[in-house]
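All remarks here apply to the structure that follows.
The values are calculated or read from the model by the stated rules, or taken from the named source; none is laboratory data. Quantities reported herein were computed from a predicted structural model and do not represent experimental measurements. Cβ placement follows ideal geometry from the backbone for every residue including glycine, while neighbour counts extend to all protein chains displayed. Each accessible area value is taken on the protein alone, full model and side chains, heavy atoms only, with ligands, DNA and RNA left out. Shrake-Rupley method; radii C 1.70, N 1.55, O 1.52, S 1.80 Å.
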Amino acid sequence: MFEPYRPNEVRTAPEPLRDPDDVIDGYVTAFNRSDEELYPQMIANADAAAWMKHEVPFFECADRLLERVYWFRWWTYRKHITETPEGPIVSEFLPDVYWAGAYNSINDAAGHHIAEGRWLRGKDLMRNYATFWFRGSGNELSYSSWLVDAVVRYAESRDDREFAVGLLDDFVRFYQAVEERNMTRYGLFWSFDDRDAMEDSISGSGLRPTLNSYMAANARAIAKTARWVGREELAVEFDTKARTLTRHIRERLWDPKGKFFKVIPLDDKDDELSSLSFDGIDPNRNVREEIGYIPWMFGIADETNEGAWSFLDDPAHFAGAAGIRTAEASHPRYMNHDSAHECQWNGPCWPFATTQTLDAMIEEIRSGRGALTPGDFMRELRRYAAVHTRQADDGSLVDWLDENLDADTGNWISRDQLEAWGWREDKGGYERGKDYNHSAFCDLVISGLAGVRVESTDDGASELTVAPLAYGSAMPYWRLLGLPVGGTTADVYYDAEGDRYGHGPGLTVVLANGSTIHDESAKPQVQVLLPHQA
């Protein structure tokens, strides 16, 4: 049975208030000490603490596991900030891999990169990274992605709407290119599972919840950006695309008997289906997969789909001892390796997919429909945090992030296979997957645990909402300092007893201009209009 690296210790007894710089120095020293720094990029380990103090919102909480992984993930993220002739970008692998594009770039996880990077204090990295995909050498069409949605969410979070507006025509070109290449006669996008970055899945190629959900979100983001600049005709066009695609996802990818969003297998985009009913699908490919939760991530699912959440914490389906499975354990092809590929999506836990499911949980909880509770989210966030480790050759446990893992044992599958093959150069060489930047974690802390969201109002202002999913005895205290929101920064405190941070019990938000908003209710929430960035 999987045992987490560190117990989920929630500290309830009073303890001295810690200095933020000391906390960062302590974590970075520990991470650097056990690290084999193989492929340094712009910011070496020696400079990691200084970069984190300058760029990263300070976070502490009563759960030391979550706190440690928050800092570990920023420590790994900065390893992937890569200088190029076109300016800095964010990579996925540290060693060069042959399937990457310019400067070892890969677009499939760009949505996760931007979700994390929007909370860095400086804007230049995210601006340059987005420009690289839409106007530079980046191949934004290589894999499926929600890239437009991610950039527009960045623009809202940081009151940087003019930047997104400047890319609007590029957003449209991108959408139209995917539409021309992947749209089918059924009003749904077709994708090869490998191009969804999900190779050797049980369902295989077809009409998948992945690309279709991404494109519905991209269409909505284009419509929103068009309205920011008064291009109403374009906004209506893409609103219509988003609504139509959303309807098709709900009507055609939802299996009412299986109570899940599923893939309709289709081996080629131009093939014709005998039926759109799941009753006629080959049982070898008719399966619940974790990608069925992606529609919630983008607000596509509704109250008729709530039954799907019953499978998440069920050991017969997605609940492994260590993490969330990418395919249900009850399917006969679960973990049945039909090929020798080291990266299969037929059951292993993938941090990429875990991030998406946790994002989907945040949206479901925010909907207020009641299928999930904050406790459900915190349970999965802690399980996700606990996998960030590996047992070294000397028996010690080190902080670790890699590609895919056994959902029951916690062993990193692809790493074990690549090591057994002798770190073949054609597979990416030595420790290909170490510090793999293919998922997110810090954004889940900020957007989920702390519940931070910044959205545009109809009159162009920015509204900050802080609705945490961690409060009460389950999480007695936490704080986020120097968090960039809209055109300003905020310090956010939660203190159940009111004896730690000097703001009294409850939730407190302090803006850079000194404005303070406080809520002492049992389920705290703060909303405030933010000053516009000049």
Expected field for E199, accessible surface area in Å² at 1.4 Å probe radius, rounded to 10, holds 40
In whole Hz, the Karplus estimates of ³J(HN,Hα) for segment 110-115 (6.51, -1.76, 1.60; θ = phi - 60°; x where Gly or Pro) are 4, x, 5, 4, 6, 4
Put W71, W190 in order of accessible area, largest first, probe 1.4 Å, and you get W190, W71
With label points set 7 Å from each Cα along the Cα-to-Cβ direction at S34 and H518, the distance between them in nm comes to 4.0
Distance in Å, no decimals, from the C-alpha centre of segment 106-143 to the one of segment 506-527 is 32
Between (i) 66, 61, 49; (ii) 78, 60, 54; (iii) 86, 48, 40, the structure-derived Cα extents along the principal axes in Å is (i)
Here the relative contact order (percent) of the chain, from C-alpha pairs under 8 Å and at least 6 apart, is 16
Expressed in square angstrom to the nearest 10, the accessible area of Y436 with a 1.4 Å probe stands at 10
Summing -39500 (n - 2.57) over every DSSP H run of at least 4 residues in the chain and dividing by its residue count gives a helix-only mean residue ellipticity at 222 nm, to the nearest 500 deg cm²/dmol, of -10000 deg cm²/dmol
Result for the chain: accessible area per residue, probe 1.4 angstrom, in square angstrom, of 37
Computed about the Cα centre, the charge dipole of segment 23-94 from +1 Lys/Arg and -1 Asp/Glu charges at the Cβ has a magnitude in debye, to the nearest 20, of 180
Computed over segment 192-337, the relative contact order (Cα-Cα under 8 Å, seq sep at least six) in percent reads 24
The pairs in K224/K257; K79/K427; K224/K269 lying past 32 Å Cα-Cα in this model are K224/K257
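Evaluate the relative contact order of segment 471-511 (contact order divided by residue number), counting alpha-carbon pairs under 8 angstrom at least 6 apart; express in whole percent.
34
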Rounded to the nearest 10 Å², the accessible area of T82 using a 1.4 Å probe with every protein chain kept is 10
Taking protein heavy atoms only, a 1.4 Å probe, and rounding to whole percent, the accessible area of the chain owed to carbon and sulfur comes out at 48
Taking a ≥ b ≥ c as the square roots of the Cα gyration tensor eigenvalues, with a/c under 1.5 meaning rounded and otherwise prolate when a/b beats b/c or oblate if not, segment 168-290 comes out prolate
Shape call for segment 438-522, from the Cα gyration tensor axes a ≥ b ≥ c (a/c under 1.5 means rounded, otherwise prolate when a/b beats b/c, else oblate), comes out oblate
